[in-house]
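The values are calculated or read from the model by the stated rules, or taken from the named source; none is laboratory data. These figures come from a predicted structure and were not determined experimentally. Cβ placement follows ideal geometry from the backbone for every residue including glycine, while neighbour counts extend to all protein chains displayed. Remember, those area values only see protein heavy atoms, side chains included, never the ligands or the DNA or RNA. Shrake-Rupley method; radii C 1.70, N 1.55, O 1.52, S 1.80 Å.
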Amino acid sequence: NWKFTHLQKYWNWIKSNRLEFYLLLFIVSAGFFIRVIYLTQHPYPWSGDETKIGLEATLFITGEKTNLFDIGWSGQPNVSFLPTLFSILTFGQTIFAVKIVSVVVGTFSILFLYLLAREWFGKEIAIIASAFLVAFPYHLQFSRIGVGNIFDSLVAPLVLWLIFRAVRTKNLITYLLAGIITGLALYLYVGTRLVLALAIASFICIAF
């Protein structure tokens, strides 16, 4: 019943906001398309960091890595290599498998920026902000390179959106998700650890 109620709620929202929904769908689809097209050819050449991340992921396959809470290449937590591991298990040990993780993360970053901007400023600013991010050169570049930098642009807006939404709706599950994702951010790229500071600062800002 709970799932049906929520699905019905989302469906009713889509029916009431069809233009906004279709615009968002187009923006996210466009973001994915320009990130995935010719992925294995540009940027060229394949960087050494991408190679290392791919090799670290394969160590789980060979059994040389088993402790998720240990530190791997370049001082990064082993958990940060799991997305690449799942991608390699799906697409094989290829350049595409390593790079596609950044494509997916970069694409979802567009969606979560939209959600955050809508929470703060409304749908018009949300559409503009997410459309801008689609072709923002720096974001596009790191969305096509198989390194962890791009996770910053995903986790920051996601956590901020969850926090402000949780405070507004007083929904316990949203609070819980914000906490879990903030915790997981500590195990991703180095830059994502700043999300904890952003979360604390957000609550201080809201309190005052």
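Could you point to the label whose value was computed as Rg and Dmax of the Cα atoms in Å for the structure here, given (1) 17.5, 57; (2) 21.3, 68; (3) 18.3, 53?
Among (1) 17.5, 57; (2) 21.3, 68; (3) 18.3, 53, the one calculated here is (3).
Using θ = phi - 60° and the Karplus form 6.51 cos²θ - 1.76 cosθ + 1.60, what ³J(HN,Hα) does each residue of region 144-158 get, whole Hz, x for Gly and Pro?
So the Karplus estimates, Gly and Pro as x, are 10, 10, x, 10, x, 3, 5, 4, 4, 6, 8, 6, 4, x, 5 Hz.
How large is the accessible surface per residue of region 103-208, computed with a 1.4 Å probe and reported in Å² as a whole number?
Numbers: 5460 Å² over 106 residues.
On a per-residue basis, 51 Å².
Using the basic label-point model (7 angstrom from Cα toward the beta carbon), what is the LEU184 to TRP13 distance in nanometres?
Here the answer is 1.9 nm between the modelled labels.
Can you work out the Karplus-derived ³J(HN,Hα) for every residue in region 165-171? Use 6.51 cos²θ - 1.76 cosθ + 1.60 with θ = phi - 60°, whole Hz, and x for glycine or proline.
Residue by residue, region 165-171 yields 5, 4, 5, 5, 8, 6, 8 Hz.
How high is the relative contact order of the chain, in percent, with contacts defined as C-alpha pairs under 8 Å that are six or more residues apart?
On the way: 242 pairs, mean separation 43.0, N = 208.
That works out to 21 percent.
For a test of understanding, tell me how many lysine pairs in the chain have Cα atoms under 25 Å apart, given they are 8 or more places apart or on different chains.
For the chain, qualifying lysine pairs total 9.
Which value, in Å² rounded to 10, gives the accessible area of THR169 with a 1.4 Å probe and all protein chains present?
Its heavy atoms expose roughly 60 Å² to the probe.
Mean residue ellipticity at 222 nm from the helices of the chain, using -39,500 (n - 2.57) per DSSP H segment of n ≥ 4 over the full residue count, to the nearest 500 deg cm²/dmol?
Working: 10 runs with 151 residues, N = 208.
The helix-only estimate for the chain comes to -24000 deg cm²/dmol at 222 nm.
Counting only protein heavy atoms and a 1.4 Å probe, tell me what percentage of region 33-92's accessible area is made up of carbon and sulfur.
Values: 2150 of 3480 Å².
Its accessible area is 62 percent carbon and sulfur atoms.
Could I have the simple spin-label model distance between ASP49 and TYR175, label points 7 Å from Cα toward Cβ, reported in nm to one decimal?
With each label placed 7 Å out from Cα toward Cβ, I get 3.7 nm.
For THR66 and LEU194, compute 0.36 nm times the residue count separating them, minus their Cα-Cα distance, and round to one decimal in nm.
On the way: separation 128, 0.36 × 128 = 46.08 nm, distance 2.70 nm.
Extra length from THR66 to LEU194 when fully extended: 43.4 nm.
For THR5 and LEU82, compute 0.36 nm times the residue count separating them, minus their Cα-Cα distance, and round to one decimal in nm. Working shown, then result.
Numbers: separation 77, 0.36 × 77 = 27.72 nm, distance 3.34 nm.
Gain on stretching THR5 to LEU82: 24.4 nm.
By how many degrees, 0 to 90 and rounded to 10, does the Cα axis of helix 194-207 deviate from the longest principal axis of the chain?
Result, in degrees: 10.
Excluding ligands, DNA and RNA, what is the solvent-accessible area per residue of region 1-86 at a probe of 1.4 Å, expressed in Å²?
Details: 5880 Å² over 86 residues.
About 68 Å² of surface per residue is accessible.
Taking the chain as the reference, fit the longest principal axis to its C-alpha atoms, fit the long axis of helix 123-134 to the helix C-alpha atoms, and give the angle between the two in degrees, 0 to 90, nearest 10.
Rounded to the nearest ten degrees, it is 10.
What spacing in nm lies between the two simple spin-label points modelled at PHE21 and TRP120, each 7 Å away from Cα in the Cβ direction?
That separation, rounded to one decimal, is 2.7 nm.
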